[in-house]
Amino acid sequence: LTNAGQIETLARVIGDLKAMEAVEDHLFITLERVSLDELLRDLRGLYEQPLRQAGFTVEWRIAPVQAQLDRTRIRQAVIALLENLRVHATPGSARISLITEGDNAILSVADAGPGIAKSMVEKVFEPFERRATKASGSGVGLAVARHAADGHGGAAVLAPSDHGGSDFRII
């Protein structure tokens, strides 16, 4: 997954890690009108093959959504959820959806199992909190997703999926 957008995203993630250390609860947000469905379709183009190669059959449900948001921050958050799926979930079926409920846009990345232990649910969005796996990673992706959601007045949440796994949502 290499392109100018990925490099920009990684550079901002590194900056965010430094910022999270100094100011845990604040990110600089630059709002602009964004077609969230187009952003998600672009990322689908980048992630569809890597997810398939990792053993996932993904159902994409993308509704048209226009919103005032920081494109790069939300892109970081979506990439964090897609990477979390690709690296940490058990291969199988997955559903990635974008819907609206009232004034909220909801991005959901759900898998079929086995889910997250109850002891980890409260900690999963904390920086450097990782469950024991053989996967590499820094343990900051979901924290970056939470900070992006919080910075937009939303939330990052984890719930059980309809198919017995995890459903990570950015609202």
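Every residue, every condition in (1) within 17 Å of the chain's Cα centre (by Cα); (2) in a strand (DSSP E or B); (3) not polar (S, T, N, Q), yes or no:
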position	(1), (2), (3)
ARG52	no, no, yes
ILE74	yes, no, yes
ILE99	yes, yes, yes
PRO114	no, no, yes
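Among the listed residues LEU17, LEU10, LEU27, which satisfies the condition of being modelled with pLDDT under 95, not aromatic (Phe, Trp, Tyr) and not in a helix (DSSP H, G or I)?
Step by step, each of LEU17, LEU10, LEU27 is checked, and only LEU27 is modelled with pLDDT under 95, not aromatic (Phe, Trp, Tyr) and not in a helix (DSSP H, G or I).
For region 120-171, which positions are of a type in the set (Gly, Ala, Ser), part of a loop (DSSP other than H, G, I, E, B), farther than 16 Å from ALA105 by Cβ and modelled with pLDDT of 75 or more?
Listed by number, the residues that qualify are SER161, GLY164, GLY165.
Output the residues belonging to region 110-127 that are under 17 Å from PHE56 (Cβ atoms) and either in contact (Cβ under 8 Å) with a residue 60 or more places away in the chain or of a type in the set (Gly, Ala, Ser) (or both).
ALA110, ALA112, GLY113, GLY115
Taking the stated definitions as given, is ARG44 open to solvent by 10 Å² or more (accessible area, probe 1.4 Å), out of contact with any Phe, Trp or Tyr (no Cβ under 7 Å at 6 or more places or on another chain) and in contact (Cβ under 8 Å) with a residue 12 or more places away in the chain?
The answer is no for ARG44.
For region 76-94, how many residues are open to solvent by less than 30 Å² (accessible area, probe 1.4 Å) and either assigned to a strand (DSSP E or B) or of a type in the set (A, V, I, L, M, F, W, C) (or both)?
Count: 9.
The values are calculated or read from the model by the stated rules, or taken from the named source; none is laboratory data. Source: prediction; values computed, not measured. Note that each Cβ is placed from the backbone with ideal geometry, even for glycine, and that neighbours are counted across all protein chains shown. Note: accessible area is taken over every heavy atom of the protein model, side chains too, but ligands, DNA and RNA are not part of it. Shrake-Rupley method; radii C 1.70, N 1.55, O 1.52, S 1.80 Å.
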